[in-house]
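Asks: Supplied in structure tokens, the structure appears directly below.
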């Protein structure tokens, strides 16, 4: 009887492990594939998007503080800036994943990942701006104001640094 229970338990373990579905891809494994120049799968892109979206969600409250108009010499502003810098230093794959996402085509990403990107694009720290394929960008955005000219500001419609310009 004990032997039968052992066999049934082993059989049940095999069945349960095979029904568990696919395991999430480890960001470290994706980073190693990127470094080695290996081809990426849609699951790899999902892991990168999730990694960047997680960072962006955690960073957004700090961006909200920085963008709120709070005095730049205040403790609140300094704390938000320091927290963002600390978060970014701990997000070791962030730059590599952002670059890979920016350089991917919608076909490489897959439809579901394009939807994930569009969902996360509202977050300020998400890497969507600069994606070369305009189909992934907000269709109402016509550009960013990066710098004001030092002279001859004729034809300038607005000023600012990094402000989004929406289509009318």
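Asks: State yes or no: is residue 95 closer than 17 Å to residue 49 by Cα, free of Cβ contacts under 8 Å to residues at least 40 places away in the same chain and loosely packed, with under 15 Cβ neighbours inside 10 Å?
Replies: Values: closer than 17 Å to residue 49 by Cα: yes; free of Cβ contacts under 8 Å to residues at least 40 places away in the same chain: yes; loosely packed, with under 15 Cβ neighbours inside 10 Å: yes.
Considered against the rule, which asks whether it is closer than 17 Å to residue 49 by Cα, free of Cβ contacts under 8 Å to residues at least 40 places away in the same chain and loosely packed, with under 15 Cβ neighbours inside 10 Å, residue 95 comes out as yes.
Asks: Going residue by residue through region 31-41, is there one that turns out to be in a helix (DSSP H, G or I) and surrounded by fewer than 11 Cβ atoms within 10 Å (Cβ to Cβ)? Explain how you work it out, then say what you get.
Replies: Going residue by residue through region 31-41, those that are in a helix (DSSP H, G or I) are 31-36.
Those left that are additionally surrounded by fewer than 11 Cβ atoms within 10 Å (Cβ to Cβ): 35-36.
Among the residues of region 31-41, at least one is in a helix (DSSP H, G or I) and surrounded by fewer than 11 Cβ atoms within 10 Å (Cβ to Cβ), which makes the answer yes.
Asks: Any residue at all in region 63-85 that's closer than 15 Å to residue 50 by Cβ, surrounded by 11 or more Cβ atoms within 10 Å (Cβ to Cβ) and out of contact with any helix residue (DSSP H, G or I) (no Cβ under 8 Å at 6 or more places or on another chain)? Reasoning before the result, please.
Replies: Residues of region 63-85 closer than 15 Å to residue 50 by Cβ: none.
No, the conditions are met nowhere in region 63-85.
Rule-based calculations on the coordinates, nothing more; no lab input. In this text the structure is predicted, and so the values were computed from the model without any measurement. Using ideal geometry, Cβ is built from the backbone for each residue, glycine included, and neighbour counts are taken over all protein chains shown.
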